[in-house]
1. Sequence gap at least 6, Cα distance under 8 Å: using those rules, report the relative contact order of the stretch 226-326 to the nearest whole percent.
2. Per residue, how much accessible surface does the stretch 159-251 expose to a 1.4 Å probe? Answer in Å², no decimals.
3. I need to check one value: relative contact order of the stretch 384-484, counting alpha carbon pairs closer than 8 Å and at least 6 residues apart, in percent.
4. Taking θ as phi - 60°, what are the ³J(HN,Hα) couplings along the stretch 580-595 by the Karplus curve (6.51, -1.76, 1.60), each to the nearest whole Hz, with x for Gly and Pro?
5. Could you pull out the trypsin sites (Lys or Arg not before Pro) across the stretch 35-78 that fall in loop regions by DSSP (anything but H, G, I, E, B) with no more than 10 other Cβ atoms inside 10 Å?
6. How many Å² of accessible area per residue for the stretch 440-584, probe 1.4 Å?
7. Report, to the nearest whole %, how much of the accessible area of the chain belongs to carbon and sulfur atoms, 1.4 Å probe, protein only.
8. Would you work out the charge dipole size for the stretch 221-354 about its Cα centre, treating the Cβ of every Lys and Arg as +1 and the Cβ of every Asp and Glu as -1, and quote it to the nearest 20 debye?
Amino acid sequence: MCGIIGYTGKEDAVPIIVEGLKKLEYRGYDSSGIAVYGKNGFDVVKQKGRLSVLEDRLKDRMRENKPLCGNLGIGHTRWATHGEPSDINSHPHVGSKNKIAVVHNGIIENYKQLKERLENYGVPFASQTDSEVIAQLAEHYYCGDIIDAVIKVSNAVEGSYALGVMCIDERDTLIAVKKDNPLIIGICDHGNFIASDVPAVLKHTNRVYYLNDKEIAVLREGSVQFFNMDREPLQKNIETIKWSMDSAEKGGYPHFMLKEIMEQPRVLRDTIQSVIMEGENKNVLDNISVSCFNKIIITACGSAYNAGVTAKYVFEKLCRISVEVELASEFRYRDAIIDNKTLVILVSQSGETADTIAAMREAKSKGASTLSIVNVIGSTIAKEADYCLFTAAGPEIAVATTKAFSAQLVLLYILAIRFALRLKILSHNEERELLAQIATLPDKVSALLDKTGSIQMYASTCVGYKSIFFIGRNIDYAIALEGSLKLKEISYIHSEAYAGGELKHGTISLVEENTLVVALSNCSYLYGKIMSNAEQVISRGAKVLLIGSCSDAASAHDSEKLYHISLPHVHEMFSPSLSVIVLQLFSYYVAANKGLDIDKPRNLAKSVTVE
Ligand code: M6R
């Protein structure tokens, strides 16, 4: 978590950094801060709270005729791990000798030992953070050569870090280094950048270098140099980012989440196209061999895990191969039974989720093949997995994932179809028929998005619920998990998802007068079953929101108690792609009606790069 940015160039760094931090705020929003060089040392403004608080402080400085400005600076937006959100714990951190300032994304695991050692040398610490130790340690090592000090810090610290470093004696130089957290270097005509993610620099440039672990970047106004830890120069390739500037803007929508929901027809089309047109995705699909695997494990976190649970139904139905789905945070410590006949699929929007990275490394160390489904090009999971399929979702800014989830689903369906063909379980004709069904999804999603009125209206009646349950059977259960996560994440309404058949084993005791149960009904052969679950809860006073393409009996119910949102017909296996649209909109409108900060829900951050 946390976002860092730095700039050195011809322009004033401060407005550039503020703009960049706005694009990184999804990574954390407990506090923010900026450092530039002042007349007598560093000039630092840092504040607890949202970026808007920092902006107010910067305006105050203008009014006081002491504007924060300079051609080189670093900025940070924080998701607190060590030390509460407070002004003093905000970044940048400056060492006690006022020589070195640092912004840090990551966790320094051995900070206590390092801090103790430095305190024994008499170094006074100001904050409770692990990050301050980096600034203090860098000053401790610094003997007139900042690159040397940064190398020594990198060798001394354990854990993960992406760092931006300034040194008072080298006012034209910005240093960056990383391990296990993302960092890009952007270059443009007026200057050079470091940033945690591409959208932070997109306004200025689409030309970036991806820094690898333990590589150092030395940025000056007109130059960028790279070194390894032995200080040998490195040649790196520059990449051109295809994302447009608009993709990192709200484009007239009140929230990124709504904009991203609305982008889904395009995202689905582009993702489907990506496996048909010549390019990386098509190459991977054409070349990956499935016959050598006797087991598939899908591992991921949060919504990406829910995409995996959904995909299990599709893989097992189409490929008749055993699929396990496991939370990456559990998988990494479980000593799972895997070998070179196992395919481990990692699903991740960011490609930087710490638990998913650890799961991937664990799988690789046991000889499994790894295939990742990732949205962010250049991310750790994309780079380290044996194969990678990219979702064509573009930058996803809202903390609650929507379009990336939909793109993950579609790639997983296509992967399952391709495997089934290779395994000769599907004929070419059957493959074509299924792909033709998938090709109808963008238009069907579009049709749903054209008629959001009934969802919006129903959601407006749901703001008062303390708890909402989601039920489904078979693949509908998988998507119920995602509906429940989406709702609780942004609306702060407690929510659980249950397999319909489990209700009577305990959950039904929670159902009382006016409890809301959202029931998914897309599996025709289980329609009777889910409806009988609906009846069971209605007879105990609950209200049911029924979402699905199966509905004939819906009208037979008391309309006060049952509200039906109908979905277009599509093959049952792909119905989650339609259900999820309604579930996302439902959550969005409930949260919007509650007036909540939808794009930045409390306590959350978009990329969870710490454990
Ligand atoms: O970047 P990843 O897909 O690896 O992130 C995984 C989860 O943190 C993420 O899906 C999270 O659950 C979302 N905020 C849910 O909307």
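The values are calculated or read from the model by the stated rules, or taken from the named source; none is laboratory data. Being a predicted model, the structure only gives us computed values, none of them experimental. When we count neighbours, we look across all protein chains shown, and the Cβ atoms used for this are built from the backbone with ideal geometry, even at glycine. We work out accessible area using only protein heavy atoms, side chains counted, and drop any ligands, DNA or RNA first. Shrake-Rupley method; radii C 1.70, N 1.55, O 1.52, S 1.80 Å.
1. Values: 56 pairs, mean separation 15.8, N = 101.
It comes to 16 percent, rounded to a whole number.
2. On the way: 3730 Å² over 93 residues.
In whole numbers, the stretch 159-251 has 40 Å² accessible per residue.
3. Values: 32 pairs, mean separation 12.3, N = 101.
For the stretch 384-484, the relative contact order is 12 percent.
4. Each residue's phi maps through the Karplus curve to give 5, 5, 5, 5, 5, 5, 4, 4, 4, 5, 4, 5, 5, 5, 7, x Hz.
5. Working: sites: Lys39, Lys46, Lys48, Arg50, Arg57, Lys59, Arg61, Arg63, Arg78; in loops: Lys39, Arg50.
Listed in order of number, the matching sites are Lys39.
6. Values: 5530 Å² over 145 residues.
Result: 38 Å² per residue.
7. Working: 11080 of 23130 Å².
The C+S portion of the solvent-accessible surface of the chain is 48 percent.
8. Working: 15 positive and 19 negative charges, 101 e Å.
Charge dipole, the stretch 221-354, about its Cα centre: 480 debye, nearest 20.
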